[in-house]
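*Asks:* Mind looking over this structure? Questions follow.
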Amino acid sequence: MTVEFLGTLRGLSYLAAGMLFILSLRGLSTQESARRGNLLGTVGMGLAVIVTALVFLASVIGRDTSAPEAAAAAPTMAMGLLAAALIGGGAVGALLASRVAMTSMPELVAILHSFVGAAAVLVGIATYLQPSGIEEHRAVHLVEIYVGILVGAVTFSGSVVAFTKLRGIVGSRPLMLPGRHALNAAMVIGSIVLAAMFLQQPGADGLPYLLIMTGIALILGIHLVMAIGGGDMPVVVSLLNSYSGWAAAAAGFMLSNDLLIVTGALVGSSGAILSMIMCRAMNRSIWNVVFGGFGAPPKAAAKGDGAAAPAGKINETSVKEVAEQLLGSKNVIIVPGYGMAVAQAQHAVKDISSLLIEKGVNVRYAIHPVAGRLPGHMNVLLAEANVSYEIVKEMEEINEDFAHTDMVLVIGANDIVNPSALDDASSPIYGMPVLEVWKAARVIMLKRSMNAGYAGIDNPLTYRDNTYMLFGDARKSVTSLLTELRA
Amino acid sequence: MSTKVGIPKETFPRERRVAASPDTVQKLIKLGVEISIEAGAGVAAGFPDEVFAEAGAQIVPTAAALWGQADLILKVRPPSLAEIDMMKPGAALIGFFWPAQNKALIDRLAARKATVLAMDAVPRITRAQRMDALSAMANIAGYRAVLEAAGHFERFLPGQITAAGKVKPAQVLVLGAGVAGLAAIAAAKSLGAVVKAFDTRAAAREQVESLGGQFIPFDFKEEGEGQGGYAKEMSAAYLAAEQALIAGHAERSDIVISTALIPGKPAPVLLTSGAVVAMPHGAVIVDMAAEQGGNCPLTERDAVVEKYGVTIIGHTDLPSRMARQSSELYAMTIFNLTESLFPKEKGFTIDLEDEIHRGALILKDGALMWPPPPRPKPPAPAAPKVEAPKALGAGHGAGPAEKKKGIGGRVAGAVLVVLLTAAGLAGPPDFLQHLTVFLLACVVGWHVVWNVTPALHTPLMSVTNAISGIILVGGMVVLGSGAGAVANVLAAAAVLLAAINVAGGFLVTQRMLRMFRK
C-alpha cells in the first residue's frame, strides 16, 4: 500500500519537477521572467530531492520486504551518509555562491560542471558494483553504465582544465600536440575496444576495464580542452554545460530514472544550443571549436609576425585630454572587455557613464557576444555595477551606430574590436563579426600595454589614425578619468 | 577585346544628372574597359565634353552611335523604349530601374536579350553601402528640399533678436526619418530652425535626436518595421490616428518636409487638406513623395502651387537641382557596383552567389531574374532592434549552407530511426520508452532556449548547471537500493558533489539576477 502510494507520488513529483525545470529554462530567456525562472528551478529541484528522500527512507526502513537480498550495510549508515552529504554539500555550495566575486563567475561555473561530471562517474561505478537483479539484457545496462562514466569523466577533467585556464593557472594558448586528431581518435577507439572486453566479464569483474576507460576518458577531456584557445573559452564552458547534462541523462538510463533522463536531456540540448548561438555569433562552426584549437593554421601564424603586422605609429593620449573630449561629445559608446573584469573597473566605469548622461551625453554600452570569458559575462558585471540594461546594447543593435559616434571608449577589450577580422584573410579571427569601433570619429583604447589579446594576435586598430591609446591599469585609468571629469 | 562602356545623355524631362564623373571615368578605365560618352551628356551636371575627354573617355556624337556600340550602358533614369530599340543586342545596362513600375521596359529589354542591374534593387546590407545610390540621392534631395522651402519661405529660419525687433525661429516639421528625412533635419537645424520629426518606427528616435531634432512619438499597436528597414503599409485606423497627430503638429509648423514612401505602393497621405488649411499663412510644404502621388493630396507634381495661403512644392527632380553633386555621388555608387562586376583577371561577370549581384539583377541575357528569392530576415518582433540583420553574416552565402544542413538533418534522422528500431527490438522493454522520453526532452530543451537574450547567457548557464545537479537524485537512488559499503560511499560522494552544485548554482544565479535592473 505505502509502496504503491510512494511510487505514484514519486512519478507525479518527477513529472512536476521536469515541468518546473522546463519553465525555469524558459523563464531565463527574458529579463522580466528570469528571477521567477530561477525560483521555479529551485522548487523543482527541492521537490525532486524531498520525494526521492522519502522513497529512500521507505526503502531503508522497509528493507526486508522491498529488497530480499539485503546488503550487509546497516540502513542507518546509508541514512547517515546521505544526510551528511546533502547538508555538507549544500553548505559548501551556498558558501561558494555567496563568496564568489562576479568577475570569477566563469571559473565557478566551470568547476561546478566538473562536480556533475565527477558525480556521474561515481554514480556509474557505484551502480556497477551493486548487484543487478536483472540478468536479461544485461549488456544494454552495462553499455549505459559505460557511456555514463565516459561522458562524466570527459566532463569532469575537461571542466577542471577549463577552470585552471580561466583562473590563469594554465596558459590560455591552445596546446597543439602533433597528431592530436589521431590521438583523440586512438583514445575513442581504445574506449570502444575496452567496452567490448568489459561486456564479456561476469558479475563485477569488469571493474578494471571500467577504471582504465575512466582514465582514458579523463585524459581525453584534458586533451580536448587544452587544445582550445582562450578566445573560445565561452563556447567551451557552454559545451561542458551541455556535456554535464548528457552525463546526467546517461545516469538516468542506467538507473531507469525518467527524471534524470528528462532533466539531463534538457540541460544537454539547451547547452548545445547555447554553444551554437555563440558559435554563430563568432561566425564559426561548432566543430571548428571542438576539434580546432583557435586559429591553428600555421600559415596565419607565420604571416602574423611579419608582413601582415601593420607596425605603424601609435597615438598616445592623456587622462586630461580624454576627459575634455568626453565632455565635448554628443554620443559616446563604451566597449568593455575582459580587461575591465580583471581590473574590477565596472563600478568606476558606471560612474563615468552616469556622470556623462547627467551632462546630456548619450552614453551606451556595446557588448560583443563573446566579450569576457563567459557568454553574457559583461552584462553580469555591468548589472552588478547598476548599469541600466536598457543602455547596454548587443553587437547587432549597435554596430551600425559607430559611424555616428563621437567617441568610443574601449576598456580592456582587444580581439572583439579587431578590424583584421573583417579585412585580413590570414588573421585567425577572420570572419568573426566584431564591433566596428573604428568607424567612430575617435577611439580611445584603455590598455595595460601593447601586448596582444587573449587570442594572441596583433590588433591593427591600435595603429589607426583615429585611435588613441591610454596606457595603464584599467581601474586606475578609469578612476583618474572619473576624477578629471568631476573636476 | 575589352568591354565597351557607354554613358548616354539622359533624356528624361528635367533630368540633369549623368551616370559618370571625370573621376569615375578614370577609375573605370583602370578596370580595363573603354569608355565612350555621348556628346553633351555631362553639360547640365557641370562636366563639359572636354573634361571627360581629358579623363580618357571617347566622345560619341549621337545617342544612336553610343547605344549601338556599347556592351555596358551606365545610366541614371530607366531607358525609354526608343533607347532600348537602339541598344546592341545582348548588351548590359545598369541604372535606376524600378522594376515593379516598369514591366513594359522589362519585356522590351528581354526581347533584346539584355542584362539589367537596377541600382534601386541593390540590397541594403552593410557591404553594399558603397553602392547605395538611393541613400546618396535621398541625402541630396533632403538637403535640397530644405533649401527650396527656405527659398519660398519669406522669413528667417533662425531666431534673432535685432534692434528692429525679435524674430522667432522657424518651426520645421519633417515627416519620415529615412535618409532624406534625416538629411532634411540636419539641413534645417543648421539653418537655425527648430526641427521636429515624425516617424512610425520607434527606432528612428535615436537618429532624429542625434541630429538635434525633436522626435514625435506615435503609439499605436501595429509595428512599422518591415523587411530591410522600410516602413510598411498600415491599416486605415492606423493611418487616421497618424494623420490626426500630424495635423496637430502641422498647425504650428512654418515648413513641412514630407518624405514618407512605401516601396512599390503609392505614397501614404499624411498631410490632409484639412491639415493644410489649418497651417499658418505663408507656410511652405515640400512634398518629396510627389512622384509617388504625394503625402499631401493638394500637391501637384513638378509644380509649385499656393493653396489656402500655403506654398506646396512638388518637385520630383530635387537631386537634379544639384546635378553636379548628385552626379558625382551617383557616379561613385554605380562605379562601385561596376567594379564588383569586373573581378580580377576576368571580364564582366555576374556572381549569382553574391547577395548584391543577385539582388540587383533584373534580367540576365533576357531571362527575368527579378524578384530575387526572398531572404527573410526582419528582426524578431519582440525585440526593438534596428535593422539588425544587416550586420550579421552579410553575404556569407547563407542559402546553400542551410540547404546542406537540411540534407544532413534528414540523413541524421534516418540513421536515428534505424538505431531506434534496433534498440526497440534488441533492448529491454523499457529501454525504448526511456529513449522516447530522452528524445522528447532534447527537443523541448532545443526549443526552450532559442529566444534567450544574450545578456542572460551567464545566468542561464548557471541555472542549467544547477539543474544538471539532478544527478543528486541518481546518487540517492543508488544509496537507497541497498548496495555494498564501497558503492554506498561512492554514491554518497556523488551526492555531496551534486549538492554543492545544486546549492551553489541556484544561489549564484539568484545573486546574479538580483543585480539586473532597469
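To keep it simple, each residue is scored yes or no on (1) loosely packed, with under 13 Cβ neighbours inside 10 Å; (2) at positive phi; (3) acidic (Asp, Glu).
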residue: A:Leu9; (1), (2), (3): no, no, no
residue: A:Leu12; (1), (2), (3): yes, no, no
residue: A:Leu15; (1), (2), (3): no, no, no
residue: A:Leu20; (1), (2), (3): no, no, no
residue: A:Leu25; (1), (2), (3): no, no, no
residue: A:Glu32; (1), (2), (3): yes, no, yes
residue: A:Asn38; (1), (2), (3): no, no, no
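*Asks:* Now a separate question. Looking for something at pLDDT below 90 and either in a loop (DSSP other than H, G, I, E, B) or within 21 Å of B:Ile312 (Cβ to Cβ) (or both) - is there at least one such residue anywhere in segment B:133-146?
*Replies:* No, the conditions are met nowhere in segment B:133-146.
*Asks:* I'd like the residue in segment B:126-138 that is of a type outside the set (Gly, Ala, Ser) and crowded, with 23+ Cβ neighbours inside 10 Å and, out of all such residues, is farthest from B:Phe335 (Cα to Cα). Spell out how you get there, then give the answer.
*Replies:* First pass over segment B:126-138, keeping only residues of a type outside the set (Gly, Ala, Ser): B:126-127, B:129-132, B:134, B:137.
So of that shortlist, the ones also crowded, with 23+ Cβ neighbours inside 10 Å come out as B:131, B:137.
Numbers: B:Met131: 8, B:Met137: 15 Å.
Per the criteria, the residue is B:Met137.
*Asks:* Same structure, new question: Looking for something of a type in the set (Gly, Ala, Ser), at the interface with chain A (Cβ under 7 Å from one of its Cβ atoms) and in contact with a Phe, Trp or Tyr (Cβ under 6 Å, 6 or more places away or on another chain) - is there at least one such residue anywhere in segment B:475-487? Working first, answer last.
*Replies:* The first filter runs over segment B:475-487 and keeps only residues of a type in the set (Gly, Ala, Ser), leaving B:475, B:480-485, B:487.
From what's left, at the interface with chain A (Cβ under 7 Å from one of its Cβ atoms): B:475, B:480-485, B:487.
Keeping just the survivors that are in contact with a Phe, Trp or Tyr (Cβ under 6 Å, 6 or more places away or on another chain) gives B:480.
For segment B:475-487, residues of a type in the set (Gly, Ala, Ser), at the interface with chain A (Cβ under 7 Å from one of its Cβ atoms) and in contact with a Phe, Trp or Tyr (Cβ under 6 Å, 6 or more places away or on another chain): present.
*Asks:* To continue, here is another question. Please tell me if B:Val486 is at pLDDT below 90, under 53 Å from the mean Cα position of the chain (by Cα) and not in a loop (DSSP other than H, G, I, E, B). Show your work before the answer.
*Replies:* Values: at pLDDT below 90: yes; under 53 Å from the mean Cα position of the chain (by Cα): no; not in a loop (DSSP other than H, G, I, E, B): yes.
When the stated conditions are applied, B:Val486 does not pass them.
*Asks:* Here's another thing I want to ask about it. Confirm whether A:Val43 is more than 7 Å from chain B (Cβ to nearest Cβ), touching a Ser or Thr at 6+ places or on another chain (Cβ under 9 Å) and crowded, with 20+ Cβ neighbours inside 10 Å. Even if it seems obvious, please write down each step before you answer.
*Replies:* Details: more than 7 Å from chain B (Cβ to nearest Cβ): yes; touching a Ser or Thr at 6+ places or on another chain (Cβ under 9 Å): yes; crowded, with 20+ Cβ neighbours inside 10 Å: no.
No: the conditions fail for A:Val43.
*Asks:* In segment A:329-352, is there at least one residue being surrounded by 21 or more Cβ atoms within 10 Å (Cβ to Cβ), free of Cβ contacts under 8 Å to residues at least 60 places away in the same chain, in contact with a Ser or Thr (Cβ under 8 Å, 6 or more places away or on another chain) and under 25 Å from A:Gly168 (Cβ atoms)?
*Replies:* no
*Asks:* Any residue in segment B:412-441 that's at the interface with chain A (Cβ under 7 Å from one of its Cβ atoms): show its pairings with residues that are surrounded by fewer than 14 Cβ atoms within 10 Å (Cβ to Cβ) at Cβ separation under 8 Å, as long as the two are six or more apart or on different chains.
*Replies:* Listed pairs, sorted by first residue: B:Pro428/A:Ile134; B:Pro428/A:Glu136.
*Asks:* Hey, which of the strands (runs of 3 or more DSSP E) in segment B:280-335, taking only ones fully inside, have at least 1 residues that are in contact (Cβ under 8 Å) with a residue 24 or more places away in the chain and surrounded by 24 or more Cβ atoms within 10 Å (Cβ to Cβ)?
*Replies:* Working: elements: B:284-287, B:304-307, B:310-313.
Filter on segment B:280-335 gives B:284-287, B:310-313.
*Asks:* Checking the structure you have, find out if any residue of segment B:113-122 is out of contact with any Ser or Thr (no Cβ under 6 Å at 6 or more places or on another chain), surrounded by fewer than 18 Cβ atoms within 10 Å (Cβ to Cβ) and either over 21 Å from B:Ile356 (Cα atoms) or in contact (Cβ under 8 Å) with a residue 60 or more places away in the chain (or both).
*Replies:* Yes, segment B:113-122 has at least one match.
*Asks:* Quick one: count up the residues across segment A:1-31 that are more than 10 Å from chain B (Cβ to nearest Cβ) and modelled with pLDDT under 85.
*Replies:* Qualifying residue count for the region: 7.
*Asks:* Take the residues in segment B:501-518 that are in contact with a Leu (Cβ under 7 Å, 6 or more places away or on another chain) and among the β-branched types (Val, Ile, Thr); name whichever of them is farthest from the other protein chains (Cβ to nearest Cβ). I'd like the intermediate steps shown before the answer.
*Replies:* Here is the first cut: in segment B:501-518, the residues in contact with a Leu (Cβ under 7 Å, 6 or more places away or on another chain) are B:501-502, B:504-505, B:508.
Now drop any that are not among the β-branched types (Val, Ile, Thr), which leaves B:502, B:508.
Working: B:Val502: 6, B:Val508: 4 Å.
My answer is B:Val502.
*Asks:* Among the residues that make up segment A:173-195, is at least one of them of a type in the set (Ser, Thr, Tyr) and part of a loop (DSSP other than H, G, I, E, B)? Write out each step before concluding.
*Replies:* Applying the first criterion (of a type in the set (Ser, Thr, Tyr)) to segment A:173-195 yields A:191.
Still in the list and also part of a loop (DSSP other than H, G, I, E, B): none.
There is no residue in segment A:173-195 that is of a type in the set (Ser, Thr, Tyr) and part of a loop (DSSP other than H, G, I, E, B).
*Asks:* Do we have any residue at all in segment A:411-424 that's assigned to a strand (DSSP E or B), crowded, with 18+ Cβ neighbours inside 10 Å, at pLDDT 80 or above and aliphatic (A, V, I, L, M)? Walk me through it before giving the result.
*Replies:* Of all residues in segment A:411-424, those assigned to a strand (DSSP E or B) come to A:411.
Still in the list and also crowded, with 18+ Cβ neighbours inside 10 Å: A:411.
Those left that are additionally at pLDDT 80 or above: A:411.
Pick out the ones that are also aliphatic (A, V, I, L, M) and you get A:411.
The answer is yes, given that some residue of segment A:411-424 is assigned to a strand (DSSP E or B), crowded, with 18+ Cβ neighbours inside 10 Å, at pLDDT 80 or above and aliphatic (A, V, I, L, M).
*Asks:* Moving on. With A:Val235, A:Val225 as the choices, which residue is away from chain B (no Cβ under 14 Å), surrounded by 19 or more Cβ atoms within 10 Å (Cβ to Cβ) and touching a Lys or Arg at 6+ places or on another chain (Cβ under 9 Å)?
*Replies:* Among A:Val235, A:Val225, only A:Val225 is away from chain B (no Cβ under 14 Å), surrounded by 19 or more Cβ atoms within 10 Å (Cβ to Cβ) and touching a Lys or Arg at 6+ places or on another chain (Cβ under 9 Å).
*Asks:* Go through (1) surrounded by fewer than 18 Cβ atoms within 10 Å (Cβ to Cβ); (2) at the interface with chain B (Cβ under 8 Å from one of its Cβ atoms) for A:Arg99 and report which single condition fails.
*Replies:* (2)
The values are calculated or read from the model by the stated rules, or taken from the named source; none is laboratory data. Predicted model only: the values in this text are computed from it and were never measured. Cβ atoms come from the backbone with ideal geometry, glycine included; neighbour counts cover every protein chain shown.
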